[in-house]
1. Mind counting the residues in the range 115-172 that are hydroxyl-bearing (Ser, Thr, Tyr), in a helix (DSSP H, G or I) and either out of contact with any strand residue (DSSP E or B) (no Cβ under 8 Å at 6 or more places or on another chain) or closer than 17 Å to residue 105 by Cα (or both)?
2. Only one residue in 53, 43 is part of a helix (DSSP H, G or I) and modelled with pLDDT under 85, so which one is that?
3. Looking at (1) within 21 Å of residue 50 (Cβ to Cβ); (2) modelled with pLDDT of 95 or more, which one does residue 95 not meet, given that it meets all the others?
4. Can you work out which of the residues in the range 87-102 that are at negative phi, part of a loop (DSSP other than H, G, I, E, B) and touching a residue at least 24 places away in the same chain (Cβ under 8 Å) is surrounded by the most Cβ atoms within 10 Å (Cβ to Cβ)?
5. Only one of these is modelled with pLDDT of 95 or more and either crowded, with 19+ Cβ neighbours inside 10 Å or more than 27 Å from residue 22 (Cα to Cα) (or both): 84, 75. Name it.
6. Kindly provide the set of residues from the range 120-129 that are crowded, with 20+ Cβ neighbours inside 10 Å and touching a residue at least 40 places away in the same chain (Cβ under 8 Å), ordered by number.
7. Given the options 143, 150, 172, name the one that is of a type in the set (S, T, N, Q), within 15 Å of the chain's Cα centre (by Cα), surrounded by 18 or more Cβ atoms within 10 Å (Cβ to Cβ) and at pLDDT below 85.
8. For a quick check of your reading of the model, give me the residue pairs whose first member lies in the range 54-74 and is under 14 Å from residue 173 (Cα atoms), whose second is assigned to a helix (DSSP H, G or I) and modelled with pLDDT of 80 or more, with beta-carbon atoms closer than 6 Å and at least 6 apart or on different chains.
Amino acid sequence: MHLLPVNNSDERAGYPSASDYDRLLRCRASYLLSRRAHALGQLAHQWSPEADLGTKKHVANMEDPEALSEAERADWQTCQTKRDEFIRGWANGQPFNSVKEQRLWLRKGIRPLLTGKPDEILRQGNRAALLDFKFGNYRVDDSGENVQLSIYALLVGRDDDTIQEVTVQILSPIASSARLD
């Protein structure tokens, strides 16, 4: 089975993302507020310089790290070093494919149920690894308790019937490496 994105100006087509589900589980009112604001064309959450910087660092993963200042690049580089260390251990020197920022969908028939866009998906034979960059200076749930990563693992497994093992990895400048197989 291959999951295809809905063609719409909102790439999520109004369906919940993996991070939306985390918000739903933590605070239903916040989730409902976000959904209502989206339907009205409004913002439910206020912009912050920290959120903007996190977005800028995620864009650097895809495009140009030179767009980051020297101070901004330090955290980004720490995460890249952790990424390289993880890949060395996970890939065991064998070739693998890497796809960044690919939107995946879970559907019931043709009806979309939820969506997610992992920062990076590594594929090697019947194995996959999901890398999630967290650039903020706050603690996030460990891989084994992280709803967003659990949804990503589900989406990757459903996207490719040959995948038998999914490993998830959080890459953060402040957290030590931990992984869930």
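The values are calculated or read from the model by the stated rules, or taken from the named source; none is laboratory data. In this text, all values refer to a predicted model and were calculated from it rather than measured experimentally. Virtual Cβ from ideal backbone geometry, glycine too; neighbours counted across all protein chains shown.
1. Step one: of the range 115-172, the residues hydroxyl-bearing (Ser, Thr, Tyr) are 115, 138, 143, 150, 152, 162, 167, 172.
Keeping just the survivors that are in a helix (DSSP H, G or I) gives 143, 150, 152.
Now restrict to residues that are either out of contact with any strand residue (DSSP E or B) (no Cβ under 8 Å at 6 or more places or on another chain) or closer than 17 Å to residue 105 by Cα (or both): 150, 152.
Adding up the residues that qualify gives 2.
2. Working: 43 fails: part of a helix (DSSP H, G or I).
Every option except 53 fails the conditions.
3. (1)
4. Taking the range 87-102 first, the residues at negative phi are 87-91, 94-100, 102.
Next, from what is left, pick out any that are part of a loop (DSSP other than H, G, I, E, B): 94-96, 102.
Going one step further and asking which of them are touching a residue at least 24 places away in the same chain (Cβ under 8 Å), we end up with 94-96.
Working: 94: 9, 95: 7, 96: 15.
For the range 87-102, the residue satisfying everything is 96.
5. Working: 75 fails: modelled with pLDDT of 95 or more.
From the options 84, 75, the qualifying one is 84.
6. Narrowing the range 120-129 to residues crowded, with 20+ Cβ neighbours inside 10 Å: 120-122, 128-129.
120, 129 - these are the residues of the range 120-129 that are crowded, with 20+ Cβ neighbours inside 10 Å and touching a residue at least 40 places away in the same chain (Cβ under 8 Å).
7. 143
8. Within 6 Å, the pairs are 57/76.
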